[in-house]
Each structure stands twice: as C-alpha cells, then as structure tokens.
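This report concerns only the one structure given below.
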C-alpha cells in the first residue's frame, strides 16, 4: 500500500526562509495550488513567511512576530535559509556562528510551536556548481543536515536534487537555468523546488486510466 500524503486535513504548513520563499509567484504559490488540485478535501492552510535577503540571524529575530504571534500556530514548519549567509561575504555569517543561530532557531521552533519541523538544504548559488561560493555553501548544508538530525527534524536535501538535475540539464541545454542573480529561482527552479518538497511528503499524482477519453488514431 502506498504511503499517504503526510499533510493532513486542517494542517497549517509554514514556509520560513529567504528570497525564494519570499517570491509570491514561486514555489510557495505552486505548492498550495498543486495540493488543492490533488487533495481539495483536506483544506490545508499555507503560511508563507519569507523575506528576501534574510540570513539565519534575521529569521531568528523575526520569529516572534512572523511565527509565534498567531492567531494559530503552524503544524508544520519548513525552514529554507543559508544562501545569504554565504553570498553576503563579510556581511554574511561565519559557519560556526551559523551553526549556533540555526540551532537556536530549531530549538525555539520545536519548543514554542510543537510543529513538525522540516529543514531544507539550500539550492546552489548560481549555475556554476563548482564556484567558490558553492564550495563554501557545502559546509553550511552539511551543518543544516546535521542539525536537522540533532533536533529530530525531517531533512530534504534540496541541494543534492538541484545539483543532480542541473548537471543533467547542462549536458543537453546550457541555456536552461534554475537560478536568477545567484539567489532567486527561475520558473523551472521553483517547479523543481515544489516537486522536491512535495515528493518528500509522499505527494501522489492521480493515475489516469489508459485510453480514457483519448481519440484513436485514424
């Protein structure tokens, strides 16, 4: 028997993060539409809480206002932050400090919301997967994965999915891009983010009956 989609009726799913989570036409728009199309009876609520340019410390600072103020707490919180901690260079967040702040963020979310926590590694920075920023980002994503395990959160390795997909795309079409300005996502990147998140939660596509309603070839 197939695993049921994990988000249940009445769930309140919060997306907490930086620029891609702040895009009103991005994955935070695609996911609610896809869920409504497939599971309309569940009436799941979605709460986008992204702010472009945010580093992990910024997310932690606005936790009280954006997450804990209510009127209802989320039942799921998906955390996607870390790119700006690297791309801002000297104004970013050193890895050791990032670990401390991300740990504090998960600790507060777990204690104050009671929600199921999901941590996402970040998409790559730009299209050049071996650039110095992506090399630095690897340590941050390793930290996210380790902290997710430490705090009992589910972990979705978004970075790995993007890297594998981008490698395949670059081999056939170098003009197919997944990122804009190193941080935001293209339409293709947002769709990849959406299906990666939904797939990790056992989102199932409806099965059409073979030949149903199709005209036969002459």
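The values are calculated or read from the model by the stated rules, or taken from the named source; none is laboratory data. All values derive from a computational prediction rather than experimental measurement. Neighbour counts run over all protein chains shown; Cβ positions are idealised from the backbone, glycine included.
Of note:
- Criterion applied to 192, 185, 137 was being crowded, with 18+ Cβ neighbours inside 10 Å and in contact with a strand residue (DSSP E or B) (Cβ under 7 Å, 6 or more places away or on another chain), and the one residue passing it is 185.
Condition check ((1) part of a strand (DSSP E or B); (2) more than 16 Å from residue 119 (Cβ to Cβ)) across all residues:
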{"residue": "41", "(1), (2)": "no, yes"}
{"residue": "54", "(1), (2)": "no, no"}
{"residue": "64", "(1), (2)": "no, yes"}
{"residue": "70", "(1), (2)": "no, yes"}
{"residue": "79", "(1), (2)": "yes, no"}
{"residue": "86", "(1), (2)": "no, yes"}
{"residue": "102", "(1), (2)": "no, no"}
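- Residue 108 fulfils the conditions (1) surrounded by 15 or more Cβ atoms within 10 Å (Cβ to Cβ); (2) farther than 24 Å from residue 185 by Cα; (3) without any contact (Cβ under 8 Å) to a residue 24 or more places away in the chain except for a single criterion, (3).
- Yes/no for residue 122 being assigned to a loop (DSSP other than H, G, I, E, B), touching a helix residue (DSSP H, G or I) at 6+ places or on another chain (Cβ under 6 Å) and either free of Cβ contacts under 8 Å to residues at least 40 places away in the same chain or under 25 Å from residue 53 (Cβ atoms) (or both): yes
- Sole exception among (1) modelled with pLDDT of 95 or more; (2) surrounded by 13 or more Cβ atoms within 10 Å (Cβ to Cβ); (3) touching a helix residue (DSSP H, G or I) at 6+ places or on another chain (Cβ under 8 Å); (4) within 23 Å of residue 102 (Cα to Cα) for residue 152, by number: (2)
- Filtered by the rule that a residue be over 17 Å from the mean Cα position of the chain (by Cα) and surrounded by 17 or more Cβ atoms within 10 Å (Cβ to Cβ), region 61-72 gives a lone residue, 63.
- Which numbered condition residue 136 fails, given (1) assigned to a helix (DSSP H, G or I); (2) more than 19 Å from the chain's Cα centre (by Cα); (3) closer than 18 Å to residue 180 by Cα: (3)
- Residue under evaluation residue 55, criteria (1) in contact (Cβ under 8 Å) with a residue 24 or more places away in the chain; (2) out of contact with any helix residue (DSSP H, G or I) (no Cβ under 6 Å at 6 or more places or on another chain); (3) closer than 24 Å to residue 127 by Cβ, criterion not met: (2)
- Checking the stated criteria, residue 53 turns out not to satisfy the condition of being modelled with pLDDT of 95 or more, on the phi > 0 side of the Ramachandran plot and surrounded by 15 or more Cβ atoms within 10 Å (Cβ to Cβ).
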